[in-house]
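Asks: Can you read through this structure? Questions will come right after.
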């Protein structure tokens, strides 16, 4: 149950009753009515803007209307008090019994707690990682992979239908460079002395593995062949092998991509011509001459007629070229076709999770998506800022195998999948993140991975001890959901319950904002509240979870403890992190 949605519906029903009674006008527009936590929790549990948004329609001052609504709101079940604040906000304080009843809801729902219907079956395509298939995934790719994967799970939790997709950039100059780099290593694998890797080729040792595998398959077949013969064959072989590594690395990170789309296949299918025809039909393509770039003019710029997309009609800075001088399509044209293809496959909401170097890409691609879909498609581009790898405060810069960077597998092997996933969600995606190998594995409150996992492990430990001290008690979630909990009335206990009750709203708000990091923040705050309750029990025996001579109160507290474990597990599931049963130093 979403507490805030439930009371919003109760308030709207109350307004309908007042309208039916003639006290309020009929047909009030309450679509902007909200029920949210008040900024200051000392003012109450919920706050509504009902009087603020209805005052003009009703023809009464907001505070006056708020005073009238307070009279009615105090009659609602579970409302202990209602007061007017500021220019006309109404704050509600709910009964202790209501908050206690939320525990049964949590235990009954189990892993489904927080599931919502905000998505209402809306199809969303999330494209993430999409690294060029020219080498192993590096550590920076981990952030986009985790953000995209967690966002997909978050949206599914909120009721959306989600497709997880990886766009393989297997067309263009970079894969030809890959082929030439692999061919050089192929010659080396056959015994040639190749010397220093020439500038412009990929230097990583991983290409030695590609070359050895190529020799095993083809022997000396390509050694004397012309480039026109060996380049496409070696290009395809290298791409396929590297993509196998990519899939394996993503699997090690717990990332499951459903669709791998090939740029080369897309172009070959005629999809680019189809997309450009759609723009032509809308009179959004023309042949013209672009103004020279601002600042220093590039040496290769020339004022030549080009096929251009009217991007400025959709808020972009300049119109964008769609064809190169040799007649081939630009990367931008291919990207338009790709987004149009995703739209035609049924997704109306498109999300691209991009690296820090794609900031200039956002406006033009959003313009093109709006244009090619006739305004029906919406594109959100999420930029993931850099990850700074550290070891005891010092930068970690490179991996021998990769040549110039730390691989994703290096990071997973050193700290584990769950640590990588959790830490990548401890900052907004558009903020730089520092990943210190020492700090992310230390057992302290400053390490959010440990702090949240420790809370879950503590819950499980308490439940195991309860089972030992009360061997005849049924501590299953289904049984605990039926236990009387009216004695859970300490402020610290109610604080934990209220935090858990906010989880469904947190899921919906995070999904709506495309911000999976909110789940990590929520879990940390819940863990802090639970650890605080634990510590209170160390100082005050009456707040301990297990009280030997009071089995009824112990059982009630097992309801609370089991609910905390359930909510933490639900949040970690969205993040793709496995909750631990126990922690050992």
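Okay, residues lined up against (1) farther than 16 Å from residue 133 by Cβ; (2) touching a helix residue (DSSP H, G or I) at 6+ places or on another chain (Cβ under 8 Å):
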| position | (1), (2) |
| --- | --- |
| 168 | no, yes |
| 220 | yes, no |
| 236 | no, no |
| 241 | no, yes |
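Asks: Would you mind stating whether residue 382 is over 30 Å from residue 119 (Cβ atoms) and assigned to a strand (DSSP E or B)?
Replies: Answer is no for this residue.
Asks: One residue is enough: does the range 535-551 have a residue meeting the conditions within 18 Å of residue 570 (Cα to Cα) and assigned to a helix (DSSP H, G or I)?
Replies: Within the range 535-551, none of the residues are within 18 Å of residue 570 (Cα to Cα) and assigned to a helix (DSSP H, G or I).
Asks: Also, I was wondering about something else. Could you please give the count of residues in the range 330-355 that are without any contact (Cβ under 8 Å) to a residue 40 or more places away in the chain and within 22 Å of the chain's Cα centre (by Cα)?
Replies: Residues meeting the conditions: 1.
Asks: Considering only residues that are in contact with a helix residue (DSSP H, G or I) (Cβ under 8 Å, 6 or more places away or on another chain) and assigned to a helix (DSSP H, G or I), look in the range 275-286 and name the one that is surrounded by the most Cβ atoms within 10 Å (Cβ to Cβ).
Replies: 275
Asks: On the given criteria, is residue 328 over 12 Å from residue 368 (Cβ atoms) and modelled with pLDDT under 90?
Replies: So residue 328 passes the test.
Asks: So if I check each of 246, 272, 267, 212, which one is over 24 Å from residue 125 (Cβ atoms), in contact (Cβ under 8 Å) with a residue 12 or more places away in the chain and in a helix (DSSP H, G or I)?
Replies: When all the criteria are applied, what remains is 212.
Asks: Would you point out the residue of the range 189-208, among those that are assigned to a helix (DSSP H, G or I) and surrounded by 17 or more Cβ atoms within 10 Å (Cβ to Cβ), that is modelled with the lowest pLDDT?
Replies: Ranking the candidates gives 206 first.
Asks: Something else now. Does residue 340 qualify as being modelled with pLDDT of 90 or more and either surrounded by fewer than 18 Cβ atoms within 10 Å (Cβ to Cβ) or touching a strand residue (DSSP E or B) at 6+ places or on another chain (Cβ under 8 Å) (or both)?
Replies: Considered against the rule, which asks whether it is modelled with pLDDT of 90 or more and either surrounded by fewer than 18 Cβ atoms within 10 Å (Cβ to Cβ) or touching a strand residue (DSSP E or B) at 6+ places or on another chain (Cβ under 8 Å) (or both), residue 340 comes out as no.
Asks: Something else about it: Among residues belonging to the range 157-179 that are in contact (Cβ under 8 Å) with a residue 24 or more places away in the chain and assigned to a helix (DSSP H, G or I), point out the one that is nearest to residue 123 (Cα to Cα).
Replies: Per the stated criteria, the residue is 157.
Asks: Out of the range 49-83, which residues are assigned to a strand (DSSP E or B) and either buried (at least 18 other Cβ atoms within 10 Å of the Cβ) or more than 38 Å from the chain's Cα centre (by Cα) (or both)?
Replies: Across the range 49-83, the qualifying residues are 79, 82.
The values are calculated or read from the model by the stated rules, or taken from the named source; none is laboratory data. Only a predicted model underlies this, so the values are computations on that prediction, with no experimental measurement involved. Here the Cβ is made from the backbone with ideal geometry for all residues, glycine too, and neighbour counts use every protein chain on show.
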